[in-house]
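Dropping a structure here in structure tokens format, bear with me for questions.
The values are calculated or read from the model by the stated rules, or taken from the named source; none is laboratory data. Being a predicted model, the structure only gives us computed values, none of them experimental. FYI the Cβ positions are ideal-geometry reconstructions off the backbone, even for glycines, and counts take in every protein chain you see.
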Amino acid sequence: MIPAKGYAAQNARTPLAPFRFERRDVRPRDVSIQIQYCGVCHSDLHQIRDEWGGSIFPMVPGHEIVGRVNRVGSQVTRYKEGDLVGVGCLVDSCRRCDNCQEGLEQYCTNGHSQTYNGLEQDKKTPTYGGYSDQIVVHEDFVLRVSDKLPLPNVAPLLCAGITTYSPLRHWQVGEGHRVAVLGLGGLGHMAVKFAAAFGAEVTMLSTSPGKEADARRLGAHKFVLTSDAAQLKAIRGSFDFIIDTVSAPHDYNLYLSLLRSDGIHICVGAPPTPAEIVGFNLIGARRSIAGSMIGGLPETQEMLDYCAEHNIVSDVEVIPIKDIDQAYERMLKGDVRYRFVIDMASLE
Ligand code: NAP
Ligand code: ZN
Ligand code: ZN
């Protein structure tokens, strides 16, 4: 086993604290990665506080991982020592089911192995994530990162990036479409960047008046404050798609009314409590509600390559790992511009 260090939650109520643990030895097809940066996703917070239920403790969060390869197994063909790489939300899957065969490992019907708060494919060994100094991952679940982009700003692409890129590609969002992005946080700011890059007309729907200038700088054409009834009334029935990135419970009916007929409300945000939806808001205009989870390995690589080609990265605030709890508190208040990223050199 390889000794590793990181930060972990020991239970759902206490703050993260330094934690020593072990990574598996490098197997023939494994890549060992020295982690340089790890993004802080709202899913980390949901899971360390066990808001979705079923959390596995101790938990080392983190699934927006970038770093350099420091060792490869004897049969690894795609990576070598020194390569810049990334690891996202998945570290393994069954590889056999229809979805895995199609590169949709996130929808593995036999259960994928998530990067942390999950189990390896043996269904008993817990996985530990990226708030740590190193990680060992099968090469099939490692992604290539371009050295053209600033590394801390690349880290959030591994979750916030792919989670917004994938539905926009799936529903072929582009020129001629009116898209609303709901919630300007980690996912929201990437949704704005991608939707604008794909040629859609983008409206930011936000609870924070102070984010208007940023929304426009990120690529939004319009900004609507959702607490202002008059502003909302003016945009009723106007969008082809809403990308909903909100992490807290909210009224879906309000936002459904903003869709035109055949419009689709795409949920990527994952509030912990169930929502009430009034059927008339769907049937009255043949609207749909859909959901989308991260992205598979081939599409995640496609997204990283697209970002390198089009110079798209996340807007980040780099923090030392000791400030992680303050970062969570600020994230809960919507005070993040627009992703916290941990500099792993700060790990002692
Ligand atoms: P985040 O950075 O905290 O951003 C969430 C944003 O939602 C906030 O900045 C705020 O934007 C808005 N918001 C918060 N509370 C709200 C409320 N009560 N009503 C309306 N708007 C509210 O979070 P994130 O990292 O982007 O993650 C967002 C959600 O996506 C989380 O639930 C996370 O677990 C989930 N997620 C899902 C996937 C997936 O695969 N589907 C992947 C990653 C994350 P404004 O200030 O603009 O209102
Ligand atoms: Zn995430
Ligand atoms: Zn599978």
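For region 280-348, which fully contained helices (runs of 4 or more DSSP H) count at least 1 residues that are closer than 29 Å to Tyr107 by Cβ, more than 11 Å from ligand 1 (Cβ to nearest atom) and within 17 Å of the chain's Cα centre (by Cα)? Give the steps one after another, and end with the answer.
Values: elements: 280-283, 297-310, 324-332.
Result: 297-310.
Ok, one more. Does region 234-279 hold any residues that are within 16 Å of Pro167 (Cβ to Cβ), within 21 Å of the chain's Cα centre (by Cα) and not small (Gly, Ala, Ser), and which are they?
Selection gives Phe241, Ile242, Ile243, Asp244, Thr245, Val246, Ile264, His265, Ile266, Cys267, Val268.
This table checks each residue for (1) in contact with a Phe, Trp or Tyr (Cβ under 9 Å, 6 or more places away or on another chain); (2) within 15 Å of ligand 1 (Cβ to nearest atom); (3) modelled with pLDDT under 95.
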{"site": "Val85", "(1), (2), (3)": "yes, no, no"}
{"site": "Asp92", "(1), (2), (3)": "yes, no, no"}
{"site": "Gly111", "(1), (2), (3)": "no, no, no"}
{"site": "Gly118", "(1), (2), (3)": "no, yes, no"}
{"site": "Thr125", "(1), (2), (3)": "no, no, no"}
{"site": "Gly130", "(1), (2), (3)": "yes, yes, no"}
{"site": "Leu158", "(1), (2), (3)": "no, yes, no"}
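Can you pull out the strands (runs of 3 or more DSSP E) entirely within region 113-216 that have at least 2 residues that are assigned by TED's automatic domain parsing to the domain that holds Arg95?
In region 113-216, 134-138 are the strands (runs of 3 or more DSSP E) which contain 2 or more residues that are assigned by TED's automatic domain parsing to the domain that holds Arg95.
OK, next. Any idea which of (1) near ligand 1 (Cβ under 10 Å from one of its atoms); (2) within 22 Å of Ile321 (Cβ to Cβ); (3) among the polar types (S, T, N, Q) is the one Ser208 doesn't satisfy?
Status for Ser208: all satisfied but (2).
Give just the number: which of (1) modelled with pLDDT of 95 or more; (2) not assigned by TED's automatic domain parsing to the domain that holds Arg216 does Ser261 not satisfy?
Looking at each condition in turn, Ser261 falls short on (2).
Scan region 125-140 for residues that are touching a residue at least 40 places away in the same chain (Cβ under 8 Å), out of contact with any Lys or Arg (no Cβ under 8 Å at 6 or more places or on another chain) and crowded, with 19+ Cβ neighbours inside 10 Å and jot them down.
Gly129, Gly130, Tyr131, Val137
Among the numbered conditions (1) more than 28 Å from Ala248 (Cβ to Cβ); (2) touching an Asp or Glu at 6+ places or on another chain (Cβ under 9 Å); (3) assigned to a loop (DSSP other than H, G, I, E, B), tell me where Lys80 comes up short.
Of everything listed in (1) more than 28 Å from Ala248 (Cβ to Cβ); (2) touching an Asp or Glu at 6+ places or on another chain (Cβ under 9 Å); (3) assigned to a loop (DSSP other than H, G, I, E, B), Lys80 misses just condition (2).
Looking at this structure, is Arg29 farther than 24 Å from Asp343 by Cα and not aliphatic (A, V, I, L, M)? Full working, then the answer.
Working: farther than 24 Å from Asp343 by Cα: yes; not aliphatic (A, V, I, L, M): yes.
Considered against the rule, which asks whether it is farther than 24 Å from Asp343 by Cα and not aliphatic (A, V, I, L, M), Arg29 comes out as yes.
Moving on to the next point. When region 217-258 is examined, which residues are found to be assigned to a strand (DSSP E or B), touching a helix residue (DSSP H, G or I) at 6+ places or on another chain (Cβ under 8 Å) and either over 22 Å from Met293 (Cα atoms) or in the same structural domain as Val336 (by TED's automatic domain parsing) (or both)?
Phe223, Val224, Leu225
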